[in-house]
Amino acid sequence: MFRRFDKDDTPLEFFFEGRRVTARLGDTVAAALLAGGAGPFRLTPASRAPRAPYCLMGLCFDCLVEIDGVANRQACMVPVASGMRVRRQPGPPSVA
């Protein structure tokens, strides 16, 4: 469904749900996960409906994930870094 237009193949590796994912230098977390075939990124707090990136420019908040232990990060606004650990956000985050 999603494919890349450029030819820059500088690889970076990060982890999504414990699985190694290869991205390219300059990718956002959302772009890398979509290119890698990841499904929903989170579940809504109220109905637990699955959500994935929608606007890809930081307005809709449908791409919220946990990155390196920090919840509520917009995957479409965060560039991939080597070794980064990303997890789905299953409903409301813990306040603790």
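Only the coordinates and a few stated rules stand behind these numbers; no lab work does. Note that this is a predicted model, so its numbers are computed, not measured. Every residue, glycine among them, receives a Cβ derived from its backbone with ideal geometry; neighbour counts consider all protein chains shown.
What the table shows:
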| quantity | calculated |
| --- | --- |
| The chain: calculated mean residue ellipticity at 222 nm from DSSP helix runs of at least 4, using -39500 (n - 2.57) | -2000 deg cm²/dmol |
| Cβ-based exposure ranking for LEU59, LEU33, LEU43, in which fewest neighbours within 10 Å come first | LEU59, LEU43, LEU33 |
| Segment 11-89 - Rg (one decimal) and Dmax (whole number), Cα, Å | 11.4, 38 |
| Segment 19-96: relative contact order as a whole-number percent, Cα under 8 Å and 6+ apart | 32 |
| Cβ-based exposure ranking for VAL86, VAL70, VAL21, in which fewest neighbours within 10 Å come first | VAL70, VAL21, VAL86 |
| Local electrostatic count, ARG88, Cβ distance below 13 Å [Lys/Arg +1, Asp/Glu -1] | +4 |
| Proximal charge balance of CYS76 [Cβ under 13 Å; K/R count +1, D/E count -1] | +1 |
| Alpha-carbon centroid distance for the pair segment 32-92 / segment 9-26, whole angstrom | 15 |
